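This report concerns only the one structure given below.
The values are calculated or read from the model by the stated rules, or taken from the named source; none is laboratory data. Everything numeric in this text was worked out from a predicted model, so none of it was measured. Please note: Cβ atoms are built from the backbone with ideal geometry, for glycine as well, and neighbour counts cover all protein chains shown. Keep in mind that these areas ignore ligands, DNA and RNA; they rest on the heavy atoms of the full protein, side chains included. Shrake-Rupley method; radii C 1.70, N 1.55, O 1.52, S 1.80 Å.
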Amino acid sequence: MVQTDKISKQFHDPKKGLIQAVDRVDFCAQPGQITGLLGVNGAGKTTILRMLSTVIRPTEGTAIVAGHDVKSEAAKVRAKIGFISTGTALYGRLTGREMLEYFGGLYGYQGQSLKTQIEKAIATTESGDFADQLCDKMSTGQKQRIGIARAILHEPEVLFLDEPTSGLDILSSQSILGFVESARDAGKTVVFSTHIMSEVERLCDQITLIHNGVVCGSGTLEDLKSQTGSTTLEQAFLALVRPVEEASA
Amino acid sequence: MKFDTIPGARQVFRKEIKEMLRDRRVLIGAFVMPIFMIALFVFLMGFVMNTVTKKQVLEIAVTKDSDQQFLENLKAVDELIIVTTNDFESGVAMLKEKRVKLVLDFPTNMSEAVAQGKAEIHAGFMRDDPLSALALNAFDKAISQANQEAIRTVLRNQGMNEGLASAITLNAEDRTEKKGMAGSELVNLLPYLIVLWAFFGGMSIVSDLVAGEKERGTMETLLISPVRRAEIAIGKIMALSLICLGSASTTFVGITVLGSLKLEMTKNLFPSGFHITIGGVLAILATLLTLVFVFATSMTAISAYARNIRESQTYLSLMSFVVLLPAVFSQLIGFTGKETANWVSWTPILNSAMSIRNALKSEVTMSYVVGAVSVNLVIGVICLWIAIRLFRREDILQRV
């Protein structure tokens, strides 16, 4: 489970001064569900996921991920999460299998248990045909599969996906979305960040709308539509974002 | 902190080494280039040394109005080729065209002038041409001998002891101890090259190591794993240290192989052969290990601070001057007479180069070794602390 408690992040920009990237965001993601963070580019989605995955520290507030506090138990949180994004690359001069061996070692696996975990991850992502190729020689879709294999190698309780289909072709995107659904079906807590409405409509059990670093709506797809009297998610999104936009203007 | 107790660092170290050894830039920059450079240096210097030690045949221009008898005497000298010119300025023109190395203008009646003690020879040479300066020097010696001969003749004619013409003689002996690389022209150059490659070997890859990972997005993946950030920094520094050490050692191995081959081309570069004592090897090892620790920690800190590969390379290029200057000075310190000054032992990089230089001559100078090792350790620990601090700062590690 993921539960945030007024999580906030400020950055210092030498030219613009203090920037409030995320402001007291509260949301909850349950096991066996896909929770969507929906927002335009620059809304603060990636910053939220970075805080939840302990890469950066919240300025205020905190969050509990897989039973551990992101501020005080960062190492324990990292051992229980997987992170997938199109922005995170692979090591070009390692083969897919070597990459998995490396990360398996970092997660504390050795010997036979490491081999078992690698084979499982390769089987789940159907990467066997290219796992022994250098990552530099792989197609974008193949890289994404190895990236997923790396993220699930240690069988994490919680999966964070940051715009995982961005820049991928339709077949690779479908494969990723299929993987996200299977992770939900396996009882994982999935937090899925995107700006693509159709993906949210297809996948998400719960949706949190983020705009200018604040939550401007949350609930199921039907809740959001009924709250705004809209017939589509797109209309609901625009209706909920507008007041935040006007307030910041 | 034992390496075994930081398994994350060991994993990072192994992965980095595997990746580096598959990187053509590292193989060329850290291993092929040092061997190529040392081979080039040795063969070029060997060629120069062989040329200098061989008797040179020098072309000299002499004005046609010069004393004919004196001219004939000069022509009889094997090492000289005499070319006659109309006047002095024509000879200077030939000198500028590098057709002759010296221009001489003798008095018309040289013997008479010598008898009167007023023989003045006008010589033209080019200071920037080593062979021209050599020709002048050789001719100057010949003049001194001629002067002595003239005095001897006068003394003989006067019935006096002609040995008074050379009453004082100088017998110089080269007492350099024939051990290590003593007496070799390479002994000043080699420490400079070893220090240089310890730095440049690592510089070829360090930008990729941290700034490159930030730029490509692989750093974030690493930060999400349970490995501690200090372990990431230590693993990367260990890997970089090994590459720096390998690169510096390649130079040393290269010179050992070339010295052991006893080639005709390089015989003048190794007058005492090539051998080094166990103490010398240990001193070089202690100095190099701590020196690469300094280079690896400082370069990793710079790479961590930089936003991207280009910025890292800019900072490292500036840093290379800090490394180069003391290393270059180590070649010239013999001319200053300050080799034994206390401050040399405590000057970073210079002390390492001096420690290596003396060890190569099989003269382990403890003040240099202790100075180099302790100064390197202090700087290395400070840079390690800075590198780990930078790895823990999200504003540094996240910025691209």
ask   = When residues of segment A:55-73 are filtered for being open to solvent by less than 50 Å² (accessible area, probe 1.4 Å) and either more than 9 Å from chain B (Cβ to nearest Cβ) or assigned to a strand (DSSP E or B) (or both), how many remain?
value = 9
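Conditions (1) surrounded by 13 or more Cβ atoms within 10 Å (Cβ to Cβ); (2) of a type in the set (Val, Ile, Thr); (3) at pLDDT below 75; (4) touching a Phe, Trp or Tyr at 6+ places or on another chain (Cβ under 8 Å), marked per residue:
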| position | (1), (2), (3), (4) |
| --- | --- |
| B:GLU19 | yes, no, no, yes |
| B:ARG22 | yes, no, no, no |
| B:ARG25 | no, no, no, no |
| B:ILE28 | no, yes, no, no |
| B:GLY46 | yes, no, no, no |
| B:THR53 | no, yes, yes, no |
| B:VAL62 | yes, yes, no, yes |
remark   = In segment A:99-118, residues that are part of a helix (DSSP H, G or I), more than 7 Å from chain B (Cβ to nearest Cβ) and not small (Gly, Ala, Ser) total 9
ask   = Got at least one residue in segment A:73-84 being modelled with pLDDT under 95 and acidic (Asp, Glu)?
value = yes
query = Taking segment B:250-270, which residues are open to solvent by less than 40 Å² (accessible area, probe 1.4 Å) and part of a loop (DSSP other than H, G, I, E, B)?
reply = B:THR266, B:LEU269, B:PHE270
key: Selection from segment A:82-98 of residues that are β-branched (Val, Ile, Thr) and facing chain B (nearest Cβ under 7 Å)   = A:THR88
request  = Examine segment B:64-75 for a residue that is surrounded by 14 or more Cβ atoms within 10 Å (Cβ to Cβ), touching a helix residue (DSSP H, G or I) at 6+ places or on another chain (Cβ under 7 Å) and part of a helix (DSSP H, G or I), and state whether such a residue exists.
outcome  = yes
query = Looking at this structure, is A:GLN133 more than 7 Å from chain B (Cβ to nearest Cβ), over 24 Å from A:SER166 (Cα atoms) and of a type in the set (S, T, N, Q)?
reply = no
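Hey, any hits in segment A:3-19 for a residue that's under 24 Å from A:GLY147 (Cα atoms), outside any helix (DSSP H, G or I) and more than 15 Å from the chain's Cα centre (by Cα)?
no
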request  = Can you work out which of the residues in segment B:341-384 that are polar (S, T, N, Q) and farther than 21 Å from B:LEU282 by Cβ is farthest from the chain's Cα centre (by Cα)?
outcome  = B:ASN342
inquiry  = So B:LYS101 passes all but one of these: (1) modelled with pLDDT under 80; (2) surrounded by 15 or more Cβ atoms within 10 Å (Cβ to Cβ). Which condition number does it fail?
reply    = (1)
ask   = From the list A:GLY36, A:GLY17, which residue is surrounded by fewer than 15 Cβ atoms within 10 Å (Cβ to Cβ) and of a type in the set (Gly, Ala, Ser)?
value = A:GLY17
message = Residues that are more than 19 Å from B:VAL52 (Cα to Cα) and either at pLDDT below 80 or of a type in the set (A, V, I, L, M, F, W, C) (or both): does segment B:120-136 have at least one?
response = yes
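Name the one entry in B:GLU59, B:GLU89 that is in a helix (DSSP H, G or I) and within 17 Å of B:PHE125 (Cα to Cα).
When all the criteria are applied, what remains is B:GLU89.
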inquiry  = Among (1) out of contact with any Asp or Glu (no Cβ under 6 Å at 6 or more places or on another chain); (2) touching a residue at least 60 places away in the same chain (Cβ under 8 Å); (3) facing chain B (nearest Cβ under 9 Å), there is one condition A:ARG78 misses while meeting the rest; what is its number?
reply    = (2)
note = Counting only residues in segment B:108-135 that are open to solvent by 50 Å² or more (accessible area, probe 1.4 Å) and part of a helix (DSSP H, G or I), the one nearest to B:LYS98 (Cα to Cα) is identified as B:LEU131
request  = Could you pull out every one of the helices (runs of 4 or more DSSP H) wholly within segment B:271-386 that has 3 or more residues that are at pLDDT 95 or above?
outcome  = B:278-305, B:309-336
Helices (runs of 4 or more DSSP H) lying entirely in segment A:124-209 (those with 3 or more residues that are open to solvent by 10 Å² or more (accessible area, probe 1.4 Å) and not assigned by TED's automatic domain parsing to the domain that holds A:LEU106) = A:170-185, A:197-203
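Are any residues in segment B:210-237 among the aliphatic types (A, V, I, L, M), open to solvent by less than 10 Å² (accessible area, probe 1.4 Å) and more than 13 Å from A:TYR102 (Cβ to Cβ), and if so, which ones? Spell out the reasoning first.
Taking segment B:210-237 first, the residues among the aliphatic types (A, V, I, L, M) are B:210-211, B:219, B:222-224, B:227, B:230, B:232-234, B:237.
When the remaining residues are screened for being open to solvent by less than 10 Å² (accessible area, probe 1.4 Å), the result is B:210-211, B:219, B:222-224, B:227, B:232-233, B:237.
Passing the criteria: B:VAL210, B:ALA211, B:MET219, B:LEU223, B:ILE224, B:ALA233, B:ILE237.
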query = Any chance segment B:46-53 includes a residue that's in contact with a Ser or Thr (Cβ under 7 Å, 6 or more places away or on another chain), within 26 Å of B:GLY259 (Cα to Cα) and either touching a residue at least 12 places away in the same chain (Cβ under 8 Å) or hydroxyl-bearing (Ser, Thr, Tyr) (or both)?
reply = yes
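Just checking, does segment A:128-140 include any residue being modelled with pLDDT under 90 and farther than 24 Å from A:LEU49 by Cβ?
Yes; the residues of segment A:128-140 include at least one that is modelled with pLDDT under 90 and farther than 24 Å from A:LEU49 by Cβ.
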query = Just one of the numbered conditions (1) within 12 Å of chain B (Cβ to nearest Cβ); (2) buried (at least 24 other Cβ atoms within 10 Å of the Cβ); (3) not basic (Lys, Arg) is not true of A:ALA43; which one?
reply = (1)
key: Residue, modelled with the highest pLDDT, within segment B:147-182, restricted to residues that are hydroxyl-bearing (Ser, Thr, Tyr) and either open to solvent by 100 Å² or more (accessible area, probe 1.4 Å) or under 30 Å from B:PHE270 (Cβ atoms) (or both)   = B:THR169
